[in-house]
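A short reminder: the numbers here are calculations on the coordinates, not readings from a lab. Computed from a predicted model, the values in this text were never measured in an experiment. FYI the Cβ positions are ideal-geometry reconstructions off the backbone, even for glycines, and counts take in every protein chain you see.
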Amino acid sequence: MERSLQEILQSYNDRSPLEEASTIPASWYVDERVAALERQFVFGGTWQVVARAEQVPESGQFVTTELAGEPLVVVRGADGQLRGFYNVCRHHAATVVTEASGTASIFRCPYHGWSYGLEGALKGAPEFEGVCNFDRGQNGLVPVQVAAWEQFVFVNLDERGAPLAEFLGGLAGRVAPLNLSQVHFFERRTYTLNCNWKVFVDNYLDGGYHVPHLHKALNSVLDYKQYTIENEDRYCLQSSPMVASEVDAATSATRQGERAWYFWQYPNFMINLYAGYMDTNLVLPDGVDRCKVIFDFYFDNVSEAAAEKNRQSIAVGERVNDEDVGICESVQRGLHSRAYQAGRLSVRREAGEHLFHRLLAEDLKRGM
Ligand code: FES
Ligand SMILES: [Fe+2]
């Protein structure tokens, strides 16, 4: 008999201390009902990165995206304010803004020509004379919460969600001294993985546990024994001192500095820093067995002269990612096996996963 969603959620004990804890059960990674609940209460109920601030610095600049199945548009108004709206026409629900990004002074729906101002108000509805009880003032684009932090623009579909600063908690203070504004966007690469989105996050949060086994080149520049893992609020910081190495020239040339910094913010956003380098990872579910990971690469020097070095650095990142993709897909196959229910966690290494699983359980149980 199929287990109820309630039973599946209750099969994880989120009160166990790390020494006694197990991972969330395999069913959470393969059950469509869990994925649907996540869509509503995790992706549809937390602050989610939807754009880079450098895409919308000027009045009229906009970016469109989709979050938890919802079409959205983020735009900087004539007053300089950043706003977000559901990109859904109030007439018959067509997508109003169809470009991925651009500049506009008004949004005009391609279907019947209704137009909206950048602050969302309905400005024009052709041939609508004589329509009774129709209040233009009540038919603007529906707003969503939007806020920016560092280079990132976030949206929260939950209108009662706490402010972004509260959601990020200690992360902001921890990141501030690292001066993210020193690096500038260079390139985006998107990868599709045949695994549940949480498998990718777990892999990221294992405290370097897999690094010596899976990433030999990367491991050579990290002081693995000194690798630290700190949990606070909804973020985990993994960090390692860096060492000189001759194992892999490309890695040594592009992964430099005193320390490597790896930040994860619940549920699906990562910031990875080396000297003069940052990449961010945004992990998005695409069904229960698939996910998309968007990597944005930033460098201190994004001039033409530095382009080749930057591409070499991206290639190093890509090799690490390839190694992760293979293992994540193998984990997803294993999670489907009747032989596997859940696994234990290394106290030394896997505190980040424990935090992730407890935060997720809290959101899903509240959703139920
Ligand atoms: S659906 Fe947009 S104008 Fe009709
Ligand atoms: Fe990895």
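Quick rundown of the values:
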read-out: Among 194, 13, 133: highest mean-square fluctuation, GNM of the chain, C-alpha pairs under 10 Å; value: 133
read-out: Global form of segment 265-368, assessed from the alpha-carbon gyration tensor, a/c cut-off 1.5; value: prolate
read-out: Distance in nm between pseudo-label sites at residue 2 and residue 119 (7 Å out along the Cβ direction from Cα); value: 4.9
read-out: For segment 54-66, Karplus couplings with θ = phi - 60° (6.51, -1.76, 1.60), whole Hz, Gly/Pro x; value: 5, 7, 9, x, 10, 3, x, 6, 9, 9, 10, 7, 10
read-out: Segment residue 306-residue 13, extension gain: residue separation times 0.36 nm, minus the distance between their alpha carbons; value: 100.5 nm
read-out: The chain: C-alpha gyration tensor shape, a/c 1.5 cut-off, then a/b vs b/c; value: oblate
read-out: Mean separation of Cα contacts under 8 Å (6+ apart) over length of the chain, as relative contact order %; value: 20
read-out: Only Lys, Arg (+1) and Asp, Glu (-1) charged, at Cβ; the chain dipole about Cα centre in debye; value: 260
read-out: FRET efficiency estimate (nearest 0.05) - Cβ-Cβ, residue 340 to residue 70, R0 35 angstrom; value: 0.55
read-out: Cα-based shape type of segment 198-265, given that a ≥ b ≥ c are square roots of the gyration tensor eigenvalues and the cut on a/c is 1.5; value: prolate
read-out: Amide H contacts of residue 255 (H built 1.01 Å from N, under 5 Å, at least 5 apart or other chain); value: none
read-out: CD proxy at 222 nm, helix term only [per DSSP H run n ≥ 4: -39500 (n - 2.57); per residue of the chain; nearest 500]; value: -7500 deg cm²/dmol
read-out: Principal-axis tilt of helix 307-335 within the chain, Cα atoms, nearest 10 degrees; value: 80
read-out: ³J(HN,Hα) computed for each position of segment 275-286 - Karplus, 6.51 cos²θ - 1.76 cosθ + 1.60, integer Hz, glycine/proline x; value: 4, x, 9, 8, 10, 10, 10, 10, 9, 10, x, 9
read-out: Rounded to whole Hz, the Karplus (6.51, -1.76, 1.60) HN-Hα couplings of segment 102-114, x for glycine and proline; value: x, 10, 8, 10, 8, 9, 10, 5, x, 7, 10, x, 5
read-out: Rough spin-label spacing in nm, given labels placed 7 Å along Cα→Cβ, for residue 348 and residue 53; value: 4.0
read-out: FRET efficiency, residue 136 to residue 362 (Cβ-Cβ, R0 30 Å, nearest 0.05); value: 0.10
read-out: R0 of 25 Å, Cβ-Cβ distance residue 286-residue 213: FRET efficiency to nearest 0.05; value: 0.35
read-out: Residues 233, 286, sorted so that the one with the fewest Cβ neighbours within 10 Å comes first; value: 286, 233
